[in-house]
Amino acid sequence: MCRLAAITSSEYFSPMENVLALETMKEGHDGSGMGIILKDLGGEFEEFKEFPVLSGICSESGLETVDKYMADHGFQIKHVWSPSITEVRGIHKRDYYFAKVYQYPESYLDKTIPEKEDLLMRTRLALRKMGESDESIIVFSFYPDILSIKEVGDPLQLSEFFGLDNSSLKAKIIFAQGRQNTNYAINLYACHPFFIQGYASMTNGENTAFVPIREYLMSRGFPGYIGYNSDSEVFTHILHYLNRHLGYPLTYFKDVITPLKASEIGMRDDREALNLIKKSLRMLCIDGPNCVIGFNPDGTCFMVQDSKKLRPGAVGGLKGKYALMSEECGIDRVVPKRDRSKDIFPMKYDMVIIPPGAEEVRVWNQLQG
Amino acid sequence: MEPASRLDHNHQLSLRELPYIIRWRDDRCKRCGKCTAICPVKAIEPTVKILRNVTSEGPVPTPVTSRKVVYVVEQVLDINRYCTGCGSCTLVCPNEAIEPELNPQNKFLHFKNKGGDAYKRGGRRNDPSVSTLDKLKFTRISMLTDPALDAGRHEFRIRTLLGRNLPPEHLPLEAEGGKLVVKKDEIFIPPVREIYPIMIGSMSVGALSPPMWEGLAMGITYLNEAEGMPVVMCSGEGGMPPRLLKSRFLKYFILQIASGYFGWDEIIHALPHMVEDPCAIEIKYGQGAKPGDGGLLMSYKVLKLIAEIRGVPKFVDLASPPTHQTKYSIEEAVAKMIQSMSMAWGFRVPVYPKISGTKTARAVLNNLARNPYAAALSIDGEDGGTGAAYNVSMDKMGHPIATNIRDCYLDLVCQGKQNELPLIAAGGIGKKGNLAANAAALIMLGASAVSIGKYIMQAAADCFGDEYNRCNLCNTGRCPRGITTQDPKLYRRLDPDRVAERVIDVFKTADTELRKIFAPMGRSTELPIGMSDGLSIEDKAMAERLQIDYAC
Ligand code: SF4
C-alpha cells in the first residue's frame with residue numbers, strides 16, 4: 001500500500017521532512033516512485049508567489065519544444081530552478097528536471113483568476129500532449145506557488161538524487177507519496193500527488209469504482225479531466241469538480257465520495273440538498289478502501305476515508321505544524337514532541353480539516369454535518 | 001388405382017417426428033387413468049388393443065393362436081395434440097409408469113402449420129445454448145491492497161434509482177454558510193424512486209391466473225414491508241384490481257400502459273381515491289419476445305374479474321395493436337405519452353418507456369436523453385418471454401440484451417448522461433438459473449436495474465417451460481401449473497401463499513448472491529453500474545464488442 005506523508009505548517013520547512021517520514025513508513029512502499037508537491041513556496045520562490053510555476057521533466061529536445069511553445073504563447077521566464085543532481089545507483093537520470101516561473105502573457109495580465117487558471121491548465125495539457133508519445137516532455141503542474149517533483153525510485157535515494165537535503169527548497173505545505181506499484185504500469189503520470197487548478201490529493205488503497213468514475217469525469221466536458229494513469233487521479237478531479245466547478249463547500253467531498261445512508265441523511269439539516277446530490281452524483285461514490293489526503297487552493301488540508309479502509313490514516317501535531325500520514329510512525333518522525341493521545345484516526349464519518357496556517361485541527365463529522 | 005396410404009399409414013406422422021415421445025411402461029402401469037385425464041393437450045389416450053398370442057406346445061410345432069383385449073396408454077400422432085413434454089402425466093402417475101422423452105431429431109416445426117395456421121405458443125426463445133450473460137465472468141477480485149469484503153458481515157446497500165437524476169450542474173443548490181441549500185421552485189426536480197435492482201417485469205392480470213398474480217403481489221409486499229427490500233413489480237397491460245389501486249400498497253407497483261390501453265379507464269377512475277402514488281408508469285412500446293407485435297388475450301381468458309378490471313365485455317378477444325395507434329412517431333409518442341402520464345399524477349411519478357431490444361434502441365435512447373421528463377428506458381432483449389406469440393417472432397426476432405444495454409450505456413457516457421437516464425435490462429435474465437450473476441453482469445455493463453419474468457414463473461410457481469419447447473402452453477389457457485390460465489379447475493392447483501413464499505426465497509437468495517459477487521469485488525455502497533473492468537469473457541470477439549476484457 002502506498003505511503004502518504006503530508007505536512008502543513010505555519011513556517012517554511014524542507015521536503016526532506018516528508019521524505020524521512022516516508023522512510024519510517026518504509027514497509028509500505030516498494031520504492032517504485034515518489035511524488036512531492038509543494039504549496040506556498042519559500043526560499044528562492046518566495047518572491048514569485050503570483051507567478052505560475054511549470055514543473056516537469058524534459059529531454060534535450062523536449063526542453064527546446066517547451067521553451068519555444070512558452071515563448072510563442074507569450075509566457076516570459078522570470079526564474080528557473082533545477083535540482084543539482086547527484087547520480088545514484090538504480091535511479092535512471094533523465095535529461096532535465098525543472099521548475100520554471102513565468103510571467104503571464106500580456107493579454108492575460110488583467111484577466112480574472114479563473115481565466116488565468118484555464119490558460120495554465122490548457123498550456124499544461126498542450127505540453128503534456130506534445131511530449132507524451134516519446135516522453136520528451138512530462139509536466140506535472142503549472143500553477144502559481146506550486147512545485148512538483150516526481151521520479152521512479154526509492155524516496156530516500158531520490159532525495160539524494162535531487163539533492164533535497166542541501167537544497168533551499170522550502171514550503172509551508174508539502175505532500176509526498178512513496179509509491180507501491182499496483183496494477184498500473186510505472187509511469188510518472190501515475191505518481192501521486194495529483195494536481196489540478198489549485199487542488200491536490202494523494203490516496204492509498206485501490207479504487208474499485210475507478211472505471212465508472214473515470215467515465216463520469218471524462219464525460220463532464222472539462223478538458224482537464226484526462227490522464228488517469230492511476231486510479232487515484234480521479235479523487236483530485238472529484239475534489240476539483242465539486243469545489244471549483246459546482247461550488248460545493250469542501251465537506252461535501254466527503255458526502256459525495258462516501259455518501260450517508262438514507263436514514264442517516266435524515267439527521268442532517270441540509271438533508272434536502274444531500275438527498276439530491278447523493279442521487280445526482282451517485283457515480284462518484286468511491287465505494288473502496290481509500291484514504292484521501294488533499295488540499296484546496298486556499299491551503300486547507302484534509303483527510304477522509306471510506307469505511308472499508310481497514311487501517312485509517314492518522315493526523316497529529318502541534319499548533320503551527322500538523323502531519324497527515326498513512327501511518328502514525330510517520331507523524332512521530334515529523335512532530336515527535338506532541339501529545340500522542342491527541343492524534344486523530346479519522347473514522348468512517350470523519351473528515352479531518354486543517355485550515356491554512358496550521359493553527360488548529362478540526363474534525364468534521366458527517367452525521368452532524 | 002387407390003393409394004395404399006390408408007393401409008400402410010403413409011400419411012401419418014411417426015412418433016419420431018414429434019418433439020417428445022412418451023415412454024409408457026406396461027409393467028408398471030396400473031391403469032388408473034390419471035395421466036390421460038391430466039394431459040393438457042390430450043396427447044395420450046387410454047385405448048384397447050387386441051393382443052394376438054401364438055403359442056406352441058409339444059415337440060412338433062403346433063401353433064395355437066389366442067386373442068386377448070388389453071388396455072394401454074397410447075400417444076396420439078395428431079400434430080395438434082403433440083406431447084409438449086410438460087411432464088404432468090409423470091407427476092400424477094403413482095407408479096412412475098410414464099414419462100415424456102425429448103426427441104432431438106423431431107421435425108415438429110415442419111408440420112406444426114395445419115390449416116395454414118402458423119405455430120403460436122407461449123414461453124421463450126427456444127435456444128438452449130449458453131447465453132452471453134452466462135458467459136460473462138467476474139474477474140476483478142479485490143486482493144491485498146484492496147481487500148475483499150465479508151459478504152456475510154459487511155453492510156451492503158443493494159439499491160438502485162428509478163427516475164431521472166438531474167445532472168449536478170442543474171441542481172438548484174446554493175452554498176450558504178458552508179452548507180448547501182435547495183432553492184425551491186427554481187427548477188423541476190423529477191421524481192426518483194429508490195428500488196431493489198431486480199424487479200418483476202410486466203405480466204398482466206389476465207395473462208396470469210388470479211393466484212399467480214396475487215402470489216407475486218403478496219411476495220413483493222412482504223419483501224417491502226417485512227424484509228425492507230424495495231422490490232417492485234410491473235402490472236403488465238390490463239390494469240390492476242381496483243382494491244389494490246386504492247390501497248397503500250400501490251407504491252410497490254409499476255402501472256403499465258400499452259397500446260390496447262386496457263384497464264386504464266378503471267385506473268383513471270381510481271385516481272382520485274388513490275392514497276399512494278404508484279412506483280412508476282411504464283409505457284410499453286415493445287416486448288422482447290415478439291418485437292413489433294401486439295398483445296392478445298384470448299376470449300376464453302376474459303372471465304368476469306378480468307373483464308371488470310380491463311373494462312371490457314366478457315369472452316371477447318382482447319387485441320392490443322403492435323403500435324400505439326394514436327401516435328405517428330417516436331418523438332410524438334414518447335413525448336406526449338410521457339407528458340400526459342406525468343401530468344395525471346402531478347409529475348410525482350417517474351414515467352418511462354419499454355421497448356424491445358433492437359438495433360435502433362440508441363435512436364430511442366437519444367430521443368429520451370433530450371426529454372427532461374423521461375425517467376428511464378427499459379429494453380427487453382430477444383430472450384424475453386411472453387404468454388402468446390408466433391413461434392417465428394419468439395425464436396427469430398429481437399436483439400440480444402447484452403450488446404443493446406452496453407451500446408446504450410456507452411452512448412450515455414459519451415453524452416455524460418449515464419447517471420441521468422437509468423437503463424433497465426430484461427430478457428433472458430436467469431435463463432439458466434443464474435439470476436444474481438446475470439443481473440450483476442448487466443449492471444456492470446451499464447444497466448441500472450433488471451427485470452425478470454419467466455425466471456420468477458419457473459422459480460416461484462414451478463413453470464415447466466424451458467428452451468426445449470417444453471410445455472409453453474401459456475397461450476392456450478391450459479397451463480398445467482395454473483400460472484397462465486383463467487380456468488378455476490387449473491388455477492386452483494396453484495397456492496398463492498406458496499408462490500409468495502417462493503418470491504421471497506428468490507429475492508433473499510438473489511440478495512445473498514449479489515453480495516457474494518459484489519463483496520469480493522470490493523463494492524458495498526453503490527451498485528457497480530458500468531464497472532465494466534469487473535467483467536471478462538472467454539471470447540475475443542465478444543470482449544471487443546462489449547468493450548470488456550478477454551480472459552481465458
Ligand atoms: S408430458 Fe404433458 S403433454 Fe406430454 S403426455 Fe404427459 S401430460 Fe401430456
Filtering region A:133-167 down to residues that are touching a helix residue (DSSP H, G or I) at 6+ places or on another chain (Cβ under 9 Å), farther than 23 Å from A:Glu46 by Cβ, not in a strand (DSSP E or B) and not aliphatic (A, V, I, L, M) yields A:Asp134, A:Glu135, A:Ser136, A:Gly153, A:Asp154, A:Pro155
> Is there a residue in region A:356-366 that is acidic (Asp, Glu) and within 14 Å of another protein chain (Cβ to nearest Cβ)?
Replying inline: no
Within region B:462-479, the residues that are within 13 Å of the ligand (Cβ to nearest atom) and either within 14 Å of chain A (Cβ to nearest Cβ) or touching an Asp or Glu at 6+ places or on another chain (Cβ under 9 Å) (or both) are B:Asn472, B:Arg478, B:Cys479
In region A:83-115, residues that are under 20 Å from the mean Cα position of the chain (by Cα) and either among the charged types (D, E, K, R) or not assigned by TED's automatic domain parsing to the domain that holds A:Gly62 (or both) total 1
The lone condition B:Glu17 fails out of (1) touching a residue at least 40 places away in the same chain (Cβ under 8 Å); (2) out of contact with any Ser or Thr (no Cβ under 8 Å at 6 or more places or on another chain); (3) within 11 Å of the ligand (Cβ to nearest atom) is (3)
Selection status of B:Gly260, surrounded by 24 or more Cβ atoms within 10 Å (Cβ to Cβ) and either in contact (Cβ under 8 Å) with a residue 12 or more places away in the chain or in the same structural domain as B:Thr512 (by TED's automatic domain parsing) (or both) | no
Review point. Of the residues that make up region A:277-292, is at least one more than 10 Å from chain B (Cβ to nearest Cβ) and touching a Cys at 6+ places or on another chain (Cβ under 6 Å)?
Key: no
Scanning region B:168-218 residue by residue, those touching a residue at least 12 places away in the same chain (Cβ under 8 Å), touching a Pro at 6+ places or on another chain (Cβ under 6 Å), in a loop (DSSP other than H, G, I, E, B) and within 13 Å of chain A (Cβ to nearest Cβ) turn out to be B:Glu186, B:Ile187, B:Pro191
Among B:Leu149, B:Leu133, the single one that is surrounded by 15 or more Cβ atoms within 10 Å (Cβ to Cβ) and at pLDDT 95 or above is B:Leu133
So, B:Leu77, is that one in contact with a strand residue (DSSP E or B) (Cβ under 9 Å, 6 or more places away or on another chain) and more than 9 Å from the ligand (Cβ to nearest atom) or not?
no
- Message: When you check B:Val60 against the structure, is it more than 10 Å from the ligand (Cβ to nearest atom), among the aliphatic types (A, V, I, L, M), without any contact (Cβ under 8 Å) to a residue 12 or more places away in the chain and assigned by TED's automatic domain parsing to the domain that holds B:Gln105, yes or no?
- Response: yes
Exercise. Hey, any hits in region B:314-326 for a residue that's out of contact with any strand residue (DSSP E or B) (no Cβ under 7 Å at 6 or more places or on another chain), part of a loop (DSSP other than H, G, I, E, B) and of a type in the set (Lys, Arg)?
Worked result: yes
Residue pairs within 7 Å by beta carbon, gap of at least six or interchain, first lying in region B:34-46 and in contact (Cβ under 8 Å) with a residue 24 or more places away in the chain and away from chain A (no Cβ under 14 Å), second of a type in the set (Gly, Ala, Ser) and more than 10 Å from the ligand (Cβ to nearest atom), listed first then second, are B:Pro46/B:Gly33
Considering residues that are more than 18 Å from B:Pro400 (Cβ to Cβ) and either more than 14 Å from chain A (Cβ to nearest Cβ) or of a type in the set (Val, Ile, Thr) (or both), the number found within region B:125-150 is 3
Considering only strands (runs of 3 or more DSSP E) wholly within region A:272-369, the ones with at least 2 residues that are in contact (Cβ under 8 Å) with a residue 12 or more places away in the chain and surrounded by fewer than 19 Cβ atoms within 10 Å (Cβ to Cβ) are A:362-365
Within region A:195-244, the count of residues that are over 14 Å from the mean Cα position of the chain (by Cα), outside any helix (DSSP H, G or I) and of a type in the set (S, T, N, Q) comes to 4
The residue that is nearest to the other protein chains (Cβ to nearest Cβ), considering only those in region B:83-124 that are within 16 Å of the ligand (Cβ to nearest atom), assigned to a strand (DSSP E or B) and not hydrophobic (A, V, I, L, M, F, W, C), is B:Gly123
Log entry, pairs with first residue in region A:211-228 being more than 10 Å from chain B (Cβ to nearest Cβ), second being part of a loop (DSSP other than H, G, I, E, B), beta carbons closer than 8 Å, six or more apart or on different chains, reads A:Gly224/A:Gln197
Worksheet item: Restricting attention to region A:184-196, does a residue exist that is on the phi > 0 side of the Ramachandran plot and not hydrophobic (A, V, I, L, M, F, W, C)?
Response: no
Can we say B:Tyr285 is assigned by TED's automatic domain parsing to the domain that holds B:Gly357, without any contact (Cβ under 8 Å) to a residue 40 or more places away in the chain and of a type in the set (Ser, Thr, Tyr)?
no
Expected single match for loosely packed, with under 10 Cβ neighbours inside 10 Å and either more than 26 Å from B:Gly482 (Cα to Cα) or within 14 Å of the ligand (Cβ to nearest atom) (or both) among B:Lys68, B:Lys34 is B:Lys68
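Here is a yes/no grid of residues against (1) aliphatic (A, V, I, L, M); (2) surrounded by 15 or more Cβ atoms within 10 Å (Cβ to Cβ); (3) closer than 27 Å to A:Gly299 by Cβ:
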site	(1), (2), (3)
A:Gly35	no, yes, yes
A:Leu38	yes, yes, yes
A:Glu46	no, no, yes
A:Phe51	no, yes, yes
A:Glu64	no, no, no
A:Asp72	no, no, no
A:Ile77	yes, no, yes
A:Trp81	no, yes, yes
A:Ser84	no, no, no
By residue number, the members of region A:250-269 that are assigned to a loop (DSSP other than H, G, I, E, B) and more than 26 Å from A:Val234 (Cα to Cα) are A:Gly266, A:Met267, A:Arg268, A:Asp269
Within region B:37-55, the residues that are loosely packed, with under 12 Cβ neighbours inside 10 Å and either within 16 Å of the ligand (Cβ to nearest atom) or among the aliphatic types (A, V, I, L, M) (or both) are B:Val48, B:Ile50, B:Leu51, B:Val54
Of the residues in region B:156-167 that are more than 8 Å from chain A (Cβ to nearest Cβ) and part of a loop (DSSP other than H, G, I, E, B), the one that is surrounded by the most Cβ atoms within 10 Å (Cβ to Cβ) is B:Arg164
Pairing a residue in region A:77-90 that is among the acidic types (Asp, Glu) with any residue that is modelled with pLDDT under 95, where Cβ atoms lie under 7 Å and the two sit 6 or more apart in sequence or on different chains, gives A:Glu87/A:Lys93
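The values are calculated or read from the model by the stated rules, or taken from the named source; none is laboratory data. The model shown is predicted, which means the values in this text are computed figures rather than measured ones. Positions of Cβ are generated from backbone atoms using ideal geometry, with glycine treated the same way; all protein chains shown enter the neighbour counts.
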